[in-house]
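One structure below.
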Amino acid sequence: MTPDSGDGNFGVVPIEQARRMDGISLWRGLLEGRVPAPPIAKALGFKVAEVDLGRLIAHGTTTCLIFAL
């Protein structure tokens with residue numbers, strides 16, 4: 001995924017929805033596409049690849065756009 005690829009669903013999880021979830025459920029929802037990825041994920045070019053208790057793996061590719069942040 002690159003920062004301007006248009007891939008994925010980016011946005012902010014409504015606070016009411018987030019309050020009904022624990023942290024692991026929120027991250028798994030992001031991984032499964034049930035909740036939007038944070039906009040910073042698009043800006044920095046990363047996505048969550050794996051979620052488990054005590055472990056989160058994210059993959060990404062750094063581009064020259066990172067230097068503009």
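The values are calculated or read from the model by the stated rules, or taken from the named source; none is laboratory data. Computed from a predicted model, the values in this text were never measured in an experiment. Neighbour counts run over all protein chains shown; Cβ positions are idealised from the backbone, glycine included.
Remarks
- Test for GLY23: is it under 30 Å from PHE67 (Cα atoms), of a type in the set (Gly, Ala, Ser) and either at pLDDT 90 or above or within 11 Å of the chain's Cα centre (by Cα) (or both): no
- Restricting region 24-58 to residues that are part of a loop (DSSP other than H, G, I, E, B) and among the small types (Gly, Ala, Ser), the residue that is surrounded by the most Cβ atoms within 10 Å (Cβ to Cβ): GLY45
- Restricting attention to region 26-58, the residues that are of a type in the set (A, V, I, L, M), more than 21 Å from ILE15 (Cα to Cα) and touching a strand residue (DSSP E or B) at 6+ places or on another chain (Cβ under 7 Å) add up to 5.
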